[in-house]
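Just so it is clear, none of the values below were taken in a lab; they were calculated from the coordinates. None of these values were measured; they are calculated from a predicted model. Here the Cβ positions follow ideal geometry from the backbone for every residue, glycine too, while neighbour counts run over all protein chains shown.
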Amino acid sequence: MKIVEYIREMRIRGAGRIARAAAHAIKIAALSYEGGDLGEFVRYMLHVGELLKSARPTAVSLPNAVNYVLARLRGVHGVDEARRVIVDAANSFINLSLRAIEAIGRIGAGLLEDGDAVLTHCNSSAALSVIKAAWREGRRLKVYVTETRPRFQGLISYIELEKVGIPTTLIPDSAVRFFMKDVDKVVVGADAIAANGAVVNKVGTSMIALAAHEARVRFYVAAESYKFSPATVLGELVIIEERSPLEVASPEVLRRAPSLRVRNPAFDVTPPEYIDAIITERGVIPPKAAILVLMEEYGRTLEEELTKISLDIEDSRYL
Ligand code: RUB
């Protein structure tokens with residue numbers, strides 16, 4: 001499956017784009033299935049879903065998108081119906097994702113004021129939607145984008161901002177604290193948000209949050225509600241992807257220094273204490289309200305899980 005490779009190699013990247021690409025991939029798989037056996041079709045769809053989920057481990061938008069689409073297979077009666085519900089669900093996920101990013105822009109724009117200097121990290125559609133919406137509303141902003149080593153996604157942000165005419169300065173990641181005195185607000189995206197309000201985003205985000213906290217600069221996270229992680233309600237940790245050492249050191253360097261160890265985590269965790277607010281398509285919430293978004297989004301499923309656990313605990317008393 002080409003899309004799985006594209007996600008793994010980061011030709012398709014960013015949590016929202018990955019999620020939409022996964023929904024699209026399931027749709028293509030459903031449309032190209034030629035057999036007539038419902039059981040086989042369902043097994044094939046689940047297999048495609050697992051492949052997609054394994055492409056990158058951190059962005060929870062990926063399993064959330066896959067589950068959103070595949071959950072519609074419950075109670076279908078034949079391959080034709082199954083194919084139709086998959087296609088409809090994939091289209092509806094893609095639409096709701098694009099609409100959410102637009103709504104986040106509209107809602108978040110209200111947090112930026114005329115003359116603000118805004119710092120953003122990496123390349124987040126949701127964060128840029130906020131900045132671009134405020135600019136369209138007539139606020140004169142200037143933006144600092146970090147390089148975002150080792151993959152330099154800051155350049156993608158620069159190109160997007162430059163297209164709409166927003167004055168943008170590219171800075172090394174290590175210069176964030178140096179420039180923080182000139183920054184009014186930080187806006188970043190998210191790959192996953194835990195039930196306690198901790199935000200997982202591109203590595204370096206937590207250091208930016210620390211520097212913002214020290215300088216009393218507001219720190220906002222822009223994220224669609226499918227970036228909230230249901231598994232974290234039950235205490236599961238978000239897996240932090242570690243990528244190849246070759247993104248950090250060239251083959252030449254690695255050959256010449258065979259004892260050199262290289263670590264390359266792609267994401268880090270920013271605790272809720274360093275986040276002023278999370279901008280979602282449903283409104284601006286304090287990070288501690290993440291659990292409410294999760295209950296609203298996955299309420300019934302979560303309740304089922306929690307009941308199962310409490311039953312297990314009760315049962316174990318009689319063992
Ligand atoms: C991208 C990244 C982005 C989030 C949010 O990391 O950390 O900030 O995914 O992006 P990578 P969006 O480049 O490794 O995928 O708001 O576009 O979903």
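Among the numbered criteria (1) more than 20 Å from ALA25 (Cβ to Cβ); (2) surrounded by 22 or more Cβ atoms within 10 Å (Cβ to Cβ); (3) over 22 Å from the mean Cα position of the chain (by Cα), which one does ARG74 miss? Every condition holds for ARG74 apart from (2). For first residues located in region 283-300 and closer than 14 Å to ASN196 by Cβ and in contact (Cβ under 8 Å) with a residue 40 or more places away in the chain, partners that are of a type in the set (Gly, Ala, Ser) and in a strand (DSSP E or B) and lie 6+ apart or on another chain with Cβ distances below 9 Å form the pairs PRO286/ALA277; PRO287/ALA277. Filter region 125-158 for residues that are out of contact with any strand residue (DSSP E or B) (no Cβ under 6 Å at 6 or more places or on another chain), at negative phi and in a loop (DSSP other than H, G, I, E, B); which is farthest from the ligand (Cβ to nearest atom)? Checked region 125-158; the qualifying residue farthest from the ligand (Cβ to nearest atom) is ARG140.
Contact map, region 1-17: first residue free of Cβ contacts under 8 Å to residues at least 12 places away in the same chain, second residue within 9 Å of the ligand (Cβ to nearest atom), Cβ cut-off under 9 Å, separation 6 or more or different chains; pairs are ILE12/ILE18.
I want to confirm something. Restricting to region 138-179 and keeping residues that are of a type in the set (Lys, Arg) and loosely packed, with under 14 Cβ neighbours inside 10 Å, which single residue is nearest to ASN264 (Cα to Cα)?
Filtering region 138-179 down to residues of a type in the set (Lys, Arg) leaves 139-140, 142, 149, 151, 163, 177.
Right, trim to loosely packed, with under 14 Cβ neighbours inside 10 Å and you get 140, 163.
Values: ARG140: 37, LYS163: 31 Å.
Among residues in region 138-179 that are of a type in the set (Lys, Arg) and loosely packed, with under 14 Cβ neighbours inside 10 Å, the one nearest to ASN264 (Cα to Cα) is LYS163.
When ILE240 is tested against the conditions (1) within 12 Å of the ligand (Cβ to nearest atom); (2) in a strand (DSSP E or B), the lone failure is (2). Within the option set ILE3, ILE86, ILE26, being within 15 Å of the ligand (Cβ to nearest atom) and outside any loop (DSSP other than H, G, I, E, B) holds for one residue only, ILE3. Residue under question is ALA211, and the condition is that it be away from the ligand (no atom under 13 Å from the Cβ), free of Cβ contacts under 8 Å to residues at least 40 places away in the same chain, part of a helix (DSSP H, G or I) and among the small types (Gly, Ala, Ser); does it hold? Considered against the rule, which asks whether it is away from the ligand (no atom under 13 Å from the Cβ), free of Cβ contacts under 8 Å to residues at least 40 places away in the same chain, part of a helix (DSSP H, G or I) and among the small types (Gly, Ala, Ser), ALA211 comes out as yes.
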